Amino acid sequence: MNESRVPSHVAIILDGNGRWAKKYGQPRSFGHLQGGRNLFRVAKVAQKLGIQKLTVYAFSTENWKRPQEEVNFLMTKPIEMFSENKDRIKEIDYKITFAGRRDRLSKELLEVMEYIEKATIKNSGFELTVAVDYGSYDELLSAINQLEKPVTKEDIEAHLMIKEPVDLLIRTSGEQRLSNFLLWQVSYAEFYFTKVHWPAFNEKELKKALKSYMKRQRRFGGLK
Ligand code: IPE
Ligand code: IPE
Ligand code: MG
């Protein structure tokens, strides 16, 4: 791995938990469970490989449309897993932050998120941002509504939940769409799509994505 060419900001649309579970004859919730565990494994690998920032899409502003049972699982399982592993949060040696709306999440989930943010805020270097109840339309509207008109590009960026431009956007599980993720931030990102479902996306797969990225020539509208 050529360290100088590792993308600084990688974003992942972690898709395919349900399809992965189905493949093994399991309920969708099993896929979400394994997908959640995989997030911490992949974050560790990203940190090791020299990526500065990893932003992952965990729950969109549109995912509330899913069956109540699934939404409930996604909104309560992390709280349960947190209380069973609270001591292990101290072992995390990178920063974790959350992006997205906070007005529709339960008090219990918000407490967990705030606990994790506080517990890791002093860590430097790598940062993992988890987008929960996040949608680009929501993020942009909220930024614009906080500003006096006319607004500049810099004004908007200062009010975004995720401020850094994305270098590499990965989407797992075969779909080739953004689904309302980071519309502004991916303006000059490189895109990488893989058929691998999120729970099966491992170090080898991340390295494949990085290798593909490193071969590309980014021109930003200019000439090379
Ligand atoms: C991604 O997996 C996780 C969330 C959107 C919460 P999906 O749940 O979308 O899995 P598929 O796409 O149905 O397989
Ligand atoms: C995008 O996945 C949202 C997350 C990964 C959190 P979806 O599975 O919700 O996207 P669509 O519905 O296939 O576009
Ligand atoms: Mg999906």
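Could you sort out which of LYS44/LYS211; LYS53/LYS118; LYS23/LYS204; LYS44/LYS208; LYS65/LYS149; LYS22/LYS77 sit more than 26 Å apart by Cα distance in this structure? Listed pairs above 26 Å: LYS65/LYS149.
Of all aspartates and glutamates in the structure, the ones whose alpha carbon falls short of 12 Å from that of LYS163, not counting any fewer than 8 places away in one chain, are GLU139, GLU154, ASP155.
Computed from backbone phi with θ = phi - 60° and the Karplus coefficients 6.51, -1.76 and 1.60, the 3J(HN,Hα) list for the range 175-181 is 6, 10, 8, 8, 6, 6, 10 Hz; x is used for glycine and proline. Count Lys and Arg as plus one, Asp and Glu as minus one, and take only other residues whose Cβ is under 11 Å from that of ASN2; the net charge is then +2.
Starting from the Cα-Cα distance between ARG102 and ILE144, subtract it from 0.36 nm times their residue separation and give me the gain in nm to one decimal.
Net length gain for the segment: 13.3 nm.
Computed from the C-beta positions of GLU70 and ARG177 and an R0 of 25 Å, the FRET efficiency is 0.75 to the nearest 0.05. The residue among MET113, ALA189, PRO150 whose Cα reaches farthest toward the positive pole of the charge dipole of the range 3-214, with charges on the beta-carbon of Lys, Arg, Asp and Glu, is ALA189. Just checking the listed ones, ALA21, ALA158, ALA58: in the Gaussian network model of the chain with Cα springs under 10 Å, the one fluctuating most is ALA158. Near LEU109: Cβ cut-off under 14 Å, other residues only, Lys/Arg at +1 and Asp/Glu at -1. The net charge is -2. In terms of Cα atoms, the Rg and Dmax of the range 87-224 work out to 17.2, 52 Å. The dipole here belongs to the range 3-214: it is taken about the Cα centre, uses +1 on the Cβ of Lys and Arg and -1 on the Cβ of Asp and Glu, and is about 840 debye. Fully extending the segment from ALA119 to PHE220 would add 32.6 nm, taking 0.36 nm per residue of separation and subtracting the current Cα-Cα distance.
Distance between the 7 Å Cα→Cβ label points at ILE156 and SER212: 2.8 nm. Under 5 Å between amide hydrogens, built in the peptide plane, is the criterion, and for THR97 it picks out LEU128, THR129, VAL130 among residues at least 5 positions away or on other chains.
Considering only LEU74, LEU49, ALA99, the residue lying farthest towards the positive end of the dipole of the range 38-136 is LEU49, judged by Cα position with unit charges set on Cβ. ARG101 sits with roughly 60 Å² accessible to a 1.4 Å probe, with DNA, RNA and ligands left out of the calculation.
The values are calculated or read from the model by the stated rules, or taken from the named source; none is laboratory data. As the structure is a computational prediction, the values presented were derived from the model and not from experiment. Every residue, glycine as well, gets a Cβ built from its backbone with ideal geometry; the counts of neighbours run over all protein chains shown. The accessibility values were calculated without ligands, DNA or RNA, using every heavy atom of the protein model including side chains. Shrake-Rupley method; radii C 1.70, N 1.55, O 1.52, S 1.80 Å.
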